[in-house]
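**Q** Right, I'll just put the structure down here and ask away after.
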Amino acid sequence: MTQQTLFLTGNEAIAEAWRQINPDVVAAYPITPSTTIMESFTQSVADGLVDTEMICVESEHSAMSACVGAAAAGGRVMTATSANGLALMVEVLYIASGMRLPITLALATRALSAPLNIHGDHSDAMLMRDAGWIILFSEGVQEAYDNFLQAVRIAEHPDVRLPVAVTLDGMQTTHQLENLISEDDEAVRDFIGEFKPYYPLVDVDNPVTYGACSVSFGEDFYFESKRQQEEAFKQALPVIEAIGKEYGNRFGRSYELYEAYQLQGAEYALVMMGANAGTAKDVVDELRAEGKKVGLLKLRSFRPFPFAAVTEVLKGLRGIAVCDRAAPRGSSGGPLFQEIRSALYGLDQAPTIINFIYGLGGRQLMPEHLRGAIEKLQVATMTGPGDDLVGYLNLRN
Amino acid sequence: MPATIDRTSDKKEGTLNLRKIAFEQDKEVIAPGHKLCPGCGITVIMRQLFAAVDYPMIVANATGCLEVCSGNLPYTSWRVPWIHNAFENCSATASGVDAAMKAMRRKGKLLEERPIKVLAIGGDGGTYDIGLQALSGAMERGHELVYLCFDNQGYMNTGGQRSSSTPFGSSTKTTPAGKKIPGKQQERKDLTLIMAAHHIPYTAQASPSRWPDLAKKIRKAFDCGGPAFLNCLSVCPTDWKTDVQQGLNITQTAVDTCYWPLYEVERGVVRVTYKPKLKKPVTDWLANQGRFKHVLKKGNEWMVEKIQAEVDRRWNMLLALEAATGGVEEKKPVKAEA
Amino acid sequence: MPSWREMPIGGLGVMAVPLAPGNSVEYDTGSWSSQVLVFHEGICIHCMQCWIVCPDSTILAKDGKVIGIDHGHCKDCGLCVEACPTNPNSLEFVDAADALVGATDTVKNIKYSVSAQFAIMEKPEKPARAPKPDAPASA
């Protein structure tokens, strides 16, 4: 099919990307709000539009396990899940990364139980932040589609060889209908390229041992293996940028490690990830029209965290309000807040940085909440942030 | 074992002539130098499997004794492609391998002409308990894979804790024979029948103390064209507290007491492949095993009775299943086999 | 031991030293026991019952014959001794100390280090053995 504009939900957009990629194996288990990714794709399978072997596994743990087996065998594989499903497969996420298998995952972010809540927040993405996966956050349907196509290239890049997760905010990006420019099938296939497996199991004449244990004292490889993964993350930063640029050259929409929105000459900034950055952009536009020097840093690559780039773009600001869609859970602030603070540590004149938690369990974020956040930030910048750096937006206090 | 060998039966098709099969050490699929205990039943079973079939194979191994002792960096004993993922998911991993091969062949990316077989291996720990879900899922989905369970009746790799395959009365590290509670108080699960109830093309129970029977079952499993499950009793001298040298004799006693019946379920037909001429009392099986020492003590006769009653009940049920599914055949003359 | 830059990624065992498939042959498990397995070539009927029950692949076979024992890996478990049908037995244990001291003058070669070894030893007197009790019935 040639390039076309479709009116799709984020989940359908991911399934459309999968159709074009034509992976070897998809092993998935349904969980709200990611289910319709699987359902849309299985329709393509049933209609013979892809050569994919679809495995409807019996749990998310088996979904990622089957992906590991299929990727190690030599196939290009992908899957989708959310929240507790991701939590169930966490053990295998670490294994997939440790084995350096270029698996891709569409994560429809959702609140983790308890209480049970099927709406969006980023707590599940934060659950996997140490699993050794590259994590790219998407703002809307088009970005989710674009990110996923790039994710396959990033994961399979010889300098990287790490699995990649692309997030969509649950119930927002996943279920909202938006216009999607779906690129020409041939052009996408050309961009994605042929998959070149390293050490495939199917090469029976050159047998390989995957996942042997490494426990012998004085003769173990564990630490070295982890150091290799860190090197891959370092190398991933320029690779993400290069592929984002190439994507722009081919398809007209380029991507970087973050998007700087109206940060030129800004004094105050919001830092956010995911769907609600759209609301933030509207608020920034309004405040700018009122003469306030406010901007937004929308982070795309959460892992690897682009410390140098973030420091560079935020260091001149007076105040930063980092908006986290995941709770501190006993820490000094939300996960993004901690990363930003860490990036700006040691500067002669560091900006005032405060944290706002928003949107947990699908709680709506309205423009007035962000306006309020900016006002609090301005006060904090002038009078000092006080003891409690963490505020909550739209919480019934 | 026969005392004389008929050397003229070499050429007969379908028989398994060990003298012809026995290959040189550098052709072993599992190279020596692995760290399994002396006399461990696991590699006896594995070597018997690889002597019975000669397909190119990909192995997915669950965490456990075999995995840890054979894939222990910087050494690996495996001379075939091998993947260890985690404890409970070798069936799911094998499913992924099977699916990838199907897709790659469909796309013309896998050109190897010989069929590459997929073998998933786990101990009773990774099969009966934590791995049951993934195993059940894989079997139900109809992947072309063989699952081999080496059942040593406990979580032996971590020191001998109880599993759902541990026999009633057995003393283990988590069900020690104490003053109040004399060992494990639950009967063991019958996983082979559970797998047969998945109605897969082939399910069987075998023992390394009977190689020709095991070999036939291995071949049927790999040739059945769908999912197959094999359960093999695997002696663990370390945690059963048995004489190392007597390992296979003890295993055979399990068979002769009908504690571990040898049978197969082939497309719904149950066939008991070994019926002992003289069914031994279960005390023969309990004797000479340190884990059952307390069971044979005075005052615990009720335990022996309970064990015998359960063995008899399950054996009779199996014979009834055989009769009901048309598995009873006319007696054929016994052939001398190598 | 290779540095993190030199090893294959993912800690894999691939067709390249030092993580080559089957390289466990370099690991000595033969010294685990203080006994040595003796193989009497003259009595052996090459039925291969020992070969099919050995957990460590240390009964060495070639062209339908047992040709010796790999003492670099044999853990002296004795499953082969039990499986052997000949009377007297073609396989028996001796204490390692006796074997080394040269209890017999036809000892050819015993090594406990790793690379391929097999030794065929004949003791001058073949001991008479009592009949085996209750041999298991054949399949």
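Values quoted throughout were computed directly from the atomic coordinates according to the rules given, and no laboratory measurement underlies them. This is a predicted model, so every value here is computed, not measured. Ideal geometry is used to build each Cβ from the backbone, glycine not excepted, and the neighbour counts take in all protein chains shown.
**Q** What FRET efficiency comes out for B:GLN161 versus C:TRP4 if R0 is 22 angstrom and r is the Cβ-Cβ distance? Round to the nearest 0.05.
**A** 0.05
**Q** For every other residue with a beta carbon closer than 14 angstrom to the beta carbon of A:ALA63, add +1 if it is Lys or Arg and -1 if Asp or Glu, then tell me the sum.
**A** My count for the surroundings of A:ALA63 gives -4.
**Q** Determine, from the Cβ-Cβ distance of A:SER216 and A:CYS56 and an R0 of 45 Å, the FRET efficiency 1/(1 + (r/R0)^6), rounded to the nearest 0.05.
**A** Efficiency, rounded to the nearest 0.05: 0.65.
**Q** If you rank B:ARG313, A:ARG325, B:ARG188, A:ARG341 by fewest surrounding Cβ atoms within 10 Å, what's the result?
**A** Going from sparsest to densest Cβ surroundings: B:ARG313, A:ARG341, B:ARG188, A:ARG325.
**Q** Now for a different question. Note the direction-averaged projected area, equal to a quarter of the hull surface, for the Cα convex hull of the range A:316-397, in nm². Present the calculation step by step, with values, prior to reporting the outcome.
**A** On the way: hull surface 22.8 nm².
Over every viewing direction, the Cα hull of the range A:316-397 projects on average to 5.7 nm².
**Q** Now for a separate question. With an 8 Å Cα cut-off and a minimum separation of 6 or more residues, compute the relative contact order for the range B:22-324 in percent.
**A** Answer for the range B:22-324 is 16 percent.
**Q** Please give the Cα centre distance for the range B:65-134 versus the range A:240-278, rounded to the nearest Å.
**A** 42
**Q** In whole percent, what relative contact order does the range A:4-251 give with Cα contacts below 8 Å and a gap of six or more residues?
**A** Relative CO of the range A:4-251 lands at 24 percent.
**Q** If the elastic network links every pair of Cα atoms under 10 Å, which of A:GLN228, A:GLN150, A:GLN378 fluctuates the most in the Gaussian network model of chain A?
**A** Result: A:GLN228 has the largest fluctuation of those listed.
**Q** Averaged over A:222-233, how many beta carbons belonging to a partner chain fall within 10 Å of each residue's beta carbon?
**A** Average per residue, whole number: 3.
**Q** State to the nearest 20 debye the size of the charge dipole of the protein assembly as shown about its Cα centre, where the only charges are +1 on K and R beta carbons and -1 on D and E beta carbons.
**A** I would put it at about 2200 debye.
**Q** At a Förster distance of 35 Å, what's the computed FRET efficiency of B:ASP26 paired with C:SER34, Cβ-Cβ distance as r, to 0.05?
**A** Numbers: r = 28 Å, r/R0 = 0.80.
With R0 = 35 Å, the Cβ-Cβ based efficiency is 0.80.
**Q** Can you pick out the pairs among B:LYS189/B:LYS306; B:LYS117/B:LYS189; B:LYS216/B:LYS241 whose Cα atoms lie more than 19 Å from each other?
**A** B:LYS117/B:LYS189; B:LYS216/B:LYS241
**Q** Among B:TYR128, B:TYR55, B:TYR263, which one moves the most in a GNM of chain B with springs linking Cα atoms closer than 10 Å?
**A** In the Gaussian network model the winner is B:TYR55.
**Q** Need one number for the range A:48-147: average projected area of the convex hull over its C-alpha atoms, nm².
**A** With every direction weighted equally, the projected area is 7.2 nm².
**Q** Give me the one-decimal nm value for the distance between modelled label points at A:LYS196 and A:GLU231, 7 Å along each residue's Cα-to-Cβ direction.
**A** 1.8
**Q** Please compute, for the alpha-carbon atoms of the range A:109-229, the extent along each of the three principal axes and give them in descending order in Å.
**A** 54, 45, 23
**Q** So for the protein assembly as shown: antiparallel DSSP bridges make up what percent, rounded to the nearest 5?
**A** 35
**Q** Of the DSSP beta bridges with both residues in chain A, give the percent that are antiparallel, rounding to the nearest 5.
**A** So the antiparallel bridges in chain A amount to around 25 percent.
**Q** Net charge near B:CYS236, counting Lys/Arg +1 and Asp/Glu -1 over other residues with Cβ under 14 Å of its Cβ? Write out the running numbers ahead of the final one.
**A** Values: positive: B:ARG162, B:LYS173, B:LYS241, B:ARG291; negative: B:ASP124, B:ASP151, B:ASP239, B:ASP243.
Local net charge: 0.
**Q** What is the angle, in °, between the Cα long axis of helix A:277-289 and the longest principal axis of the Cα atoms in chain A? Nearest 10 is fine, range 0 to 90.
**A** 30
**Q** Just going by the charge dipole of chain A, with Lys and Arg at +1 and Asp and Glu at -1 on Cβ, which of A:ALA70, A:VAL92, A:ILE320 is farthest out on the positive end?
**A** A:ILE320
**Q** How fast does chain B diffuse by Stokes-Einstein, in µm²/s, taking the Kirkwood radius from C-alpha pairs at 10 °C and 1.306 mPa s?
**A** The Stokes-Einstein estimate is 76 µm²/s.
**Q** Treating only the Cβ atoms of Lys and Arg (+1) and Asp and Glu (-1) as charged, compute the dipole magnitude of the range A:4-251 about its Cα centre; round to the nearest 20 debye.
**A** On the way: 14 positive and 35 negative charges, 89 e Å.
In debye, rounded to 20, the range A:4-251 gives about 420.
**Q** From the gyration tensor of the Cα coordinates in the range B:66-138, what semi-axes in whole Å does the equivalent ellipsoid have, largest first, with each one equal to sqrt(5λ)?
**A** 24, 18, 8
**Q** For labels at B:ARG267 and A:GLU246 in the simple 7 Å Cα→Cβ model, what's the distance in nm?
**A** 5.1
**Q** Whole angstrom only: what separates the Cα centroid of the range B:168-189 from the Cα centroid of the range B:234-264?
**A** After rounding, the separation between the Cα centres reads 19 Å.
**Q** Please report, in cubic angstrom per residue, the volume enclosed by the convex hull of the alpha-carbon atoms of the range A:258-392.
**A** 104
**Q** Kirkwood Rh, Cα Rg: Rg to Rh for the protein assembly as shown?
**A** Here Rg/Rh amounts to 1.06.
**Q** Could you please state, rounded to a whole Å, how far the C-alpha centre of the range A:32-52 is from the C-alpha centre of the range A:303-337?
**A** 36
**Q** Compute the Rg/Rh shape ratio of chain A: radius of gyration over Kirkwood radius, all on alpha-carbon atoms.
**A** Rg/Rh: 0.97.
**Q** Using only Cα atoms, tell me the angle between helix A:10-21 and the longest principal axis of chain A; keep it within 0 to 90° and round to the nearest 10.
**A** 40
**Q** Same structure, new question: For A:ALA27, enumerate residues with amide H under 5 Å from its amide H, sequence gap 5+ or separate chain, H modeled in the peptide plane.
**A** Amide H neighbours of A:ALA27: A:ILE55, A:MET78.
**Q** Using only Cα atoms, find the angle between the long axis of helix A:367-383 and the longest principal axis of chain A, and express it within 0 to 90 degrees, rounded to the nearest 10.
**A** Taking the Cα atoms of chain A, the angle to A:367-383 is about 60 degrees.
**Q** A further question follows. For A:PHE191, A:PHE7, A:PHE302, B:PHE150, which order do you get if you count the other beta carbons within 10 Å of each Cβ and list the fewest first?
**A** A:PHE7, A:PHE191, A:PHE302, B:PHE150
**Q** Per residue of B:62-74, count partner chain C-beta atoms within 10 Å of its C-beta, then hand back the mean as an integer.
**A** Values: counts 0, 2, 0, 0, 0, 3, 3, 2, 4, 8, 9, 18, 19.
The per-residue average across the peptide is 5.
**Q** When chain B is treated as a GNM, springs tying every alpha-carbon pair under 10 Å, which of B:TYR202, B:TYR274, B:TYR155 comes out with the largest mean-square fluctuation?
**A** Looking only at B:TYR202, B:TYR274, B:TYR155, the biggest GNM fluctuation is shown by B:TYR274.
**Q** Follow-up. Filter B:LYS27/B:LYS102; B:LYS35/B:LYS279; A:LYS226/B:LYS27; B:LYS27/B:LYS220 down to the pairs with a C-alpha to C-alpha distance above 31 Å, please.
**A** Pairs exceeding the cut-off: B:LYS35/B:LYS279; A:LYS226/B:LYS27.
**Q** Based on the mean of other beta carbon atoms within 10 Å per residue, what is the order of B:170-178, A:95-103, A:281-289, most packed first?
**A** The packing order, highest mean first, is A:95-103, B:170-178, A:281-289.
**Q** A further question follows. Starting with the highest mean, order B:23-30, C:71-78, A:137-144, B:217-224 by the number of other Cβ atoms within 10 Å, averaged over the residues of each peptide.
**A** A:137-144, C:71-78, B:217-224, B:23-30
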